[in-house]
1. For the subset of the stretch 374-388 comprising residues that are in contact (Cβ under 8 Å) with a residue 40 or more places away in the chain and not aliphatic (A, V, I, L, M), which member is farthest from residue 226 (Cα to Cα)?
2. Looking at the stretch 375-382, can you tell me whether even one residue there is surrounded by fewer than 21 Cβ atoms within 10 Å (Cβ to Cβ), outside any strand (DSSP E or B) and among the charged types (D, E, K, R)?
3. Only one of 86, 104 is touching a residue at least 12 places away in the same chain (Cβ under 8 Å) and not in a loop (DSSP other than H, G, I, E, B). Can you tell me which?
4. Can you name the residue in the stretch 35-57 that is more than 13 Å from residue 86 (Cβ to Cβ) and within 30 Å of the chain's Cα centre (by Cα) and, of all such residues, is modelled with the highest pLDDT?
5. Enumerate the strands (runs of 3 or more DSSP E) found wholly within the stretch 221-336, keeping only those where 1 or more residues are touching a strand residue (DSSP E or B) at 6+ places or on another chain (Cβ under 7 Å), of a type in the set (D, E, K, R) and free of Cβ contacts under 8 Å to residues at least 12 places away in the same chain.
6. Hey, could you check the stretch 5-50 for residues that are among the basic types (Lys, Arg) and under 22 Å from residue 119 (Cα atoms) and say which is surrounded by the most Cβ atoms within 10 Å (Cβ to Cβ)?
7. Name the residue that is farthest from residue 243 (Cα to Cα), counting only residues in the stretch 308-338 that are small (Gly, Ala, Ser) and surrounded by fewer than 14 Cβ atoms within 10 Å (Cβ to Cβ).
8. For the structure I just gave you, tell me whether residue 196 is open to solvent by less than 40 Å² (accessible area, probe 1.4 Å) and in contact with a Phe, Trp or Tyr (Cβ under 7 Å, 6 or more places away or on another chain).
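The values are calculated or read from the model by the stated rules, or taken from the named source; none is laboratory data. If you're wondering where the values come from, they're calculated on a predicted model, not measured in any experiment. All Cβ positions, glycine included, derive from the backbone under ideal geometry; neighbour counts span all protein chains shown. Calculation scope for accessible area: heavy atoms of the full protein, side chains included, ligands and nucleic acids excluded. Shrake-Rupley method; radii C 1.70, N 1.55, O 1.52, S 1.80 Å.
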Amino acid sequence: MKMIGIGDNGAAGLLPQYIEWINECDVLVGGERHLQFFPLFEKEKRVIKGGLSALTAELQEETRNVVILVSGDPLFYGLGGVLAKKLPLEIYPYTSSVQLAFSKMQESWQDAHIVSLHGRSIKGFAQKIDGRKKIAVLTDETNSPQAIAAYVKRFNMTEYDAFIAENLEGEDERCRFLSLDEMEQSSFSPLNVVILKQRHLVERASLGIPDDAFLQRKPDKGLITKREIRTLCLQELKLKENSIVWDIGTCTGSVAIEAAKIAREGAVYAIEKNEGDLENCLENQLRHRTDFVAVLGKAPDRLEEFSDPHAIFIGGNGGNMEQLLQTCISRLQPNGRLVMNIATIENLAEAMGHLKALGCEVSILQTQLSKSKPILHLTRFEPLNPIYIVTAQKGQE
């Protein structure tokens, strides 16, 4: 059974050997557009439509000679990766859409970052691309070039210019360099690839964003997990690039924003009970080029809307610690970690009791930090409030 990649120029782009295999096969499988490239093929044609489970089951029972046609490189966001696990395939790739787009742009692409928004949510796209010099984006009708331009502008990523390649190798091929404003106002064919390239270098913020870089509640400024404590908490969470993270009592969103920058291929969910603080969190997301789910509510309410996490940070519990911890630990994935900031010994004792009763391995880091502060021509140290950082690790299930 053979799988052959094909471009929008149809049979004209295929090697003679591939044409021979197609003409000699008993069953030709492909999308409607691909099958139309071979109007003289008189044996059985089978259209790929909807889910793959039925087609896969049929092909597993097939004893005749089958050729499957797939756009571009079948192993590049294509059917090849799915079907190769279940069928004895020989795969013959064509040039991928991204390769073709970069060739039209006359730009190298070994250093490009590739993101598929085809059939996916654009949520989290900001942190995925932040600081990347060159990005290729696979689009769909919802995540169109216009929508991508508007999104990137919202997060003030105006260092990017765009190259849009439409209908590559087809009769209506069109390739254009556009500004983000021009891309937002233009129209495009549904078959397109977007390349974003930095006009000038903009690097990502390093870990430990300064406190004054976050919009905070006024006049009660200071309701933020301070940078020094924040970096220690993030260390305890042991986040990976694909981690799913909860931030409970997010306030300004400082911990969630830093977590989103680390877990840029994962997902972050935040909840905040104060409407004004939530508004600040949403504004801070735009300022710091992160895009995650942030909802108004008092945990554990609304946590059922979030995916099961690998890591949970609790900045505030609102006085319902036992119920909150029970919910969090029950939802935490095996070997997941929960980190709490606690300021009083009474709350520390309560948290320890609940977490141990829930079968967690618990450790405490007491922080007593002081920062240098100038006084005339001298320097003194000003202490931060002592904090207990409680870390609980869930066991294997």
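1. Taking the stretch 374-388 and keeping what is in contact (Cβ under 8 Å) with a residue 40 or more places away in the chain, we get 384-388.
Right, trim to not aliphatic (A, V, I, L, M) and you get 385-386, 388.
Numbers: 385: 10, 386: 12, 388: 13 Å.
The selected residue is 388.
2. Within the stretch 375-382, none of the residues are surrounded by fewer than 21 Cβ atoms within 10 Å (Cβ to Cβ), outside any strand (DSSP E or B) and among the charged types (D, E, K, R).
3. Values: 86 fails: not in a loop (DSSP other than H, G, I, E, B).
Sole residue among the options that is touching a residue at least 12 places away in the same chain (Cβ under 8 Å) and not in a loop (DSSP other than H, G, I, E, B): 104.
4. Just the residues of the stretch 35-57 that are more than 13 Å from residue 86 (Cβ to Cβ), to begin with: 35-51.
Cutting the leftovers down to within 30 Å of the chain's Cα centre (by Cα) gives us 48-51.
Values: 48: 89, 49: 84, 50: 76, 51: 77.
Only one residue tops the list, namely 48.
5. Details: elements: 244-248, 267-272, 293-296, 311-314.
No strands (runs of 3 or more DSSP E) qualify here.
6. That would be 33.
7. Within the stretch 308-338, the subset small (Gly, Ala, Ser) is 311, 315-316, 318-319, 330, 336.
Next, only the ones that are surrounded by fewer than 14 Cβ atoms within 10 Å (Cβ to Cβ) stay: 318-319, 330.
Working: 318: 26, 319: 28, 330: 17 Å.
It comes out as 319.
8. Numbers: open to solvent by less than 40 Å² (accessible area, probe 1.4 Å): yes; in contact with a Phe, Trp or Tyr (Cβ under 7 Å, 6 or more places away or on another chain): yes.
So residue 196 fits the description; yes.
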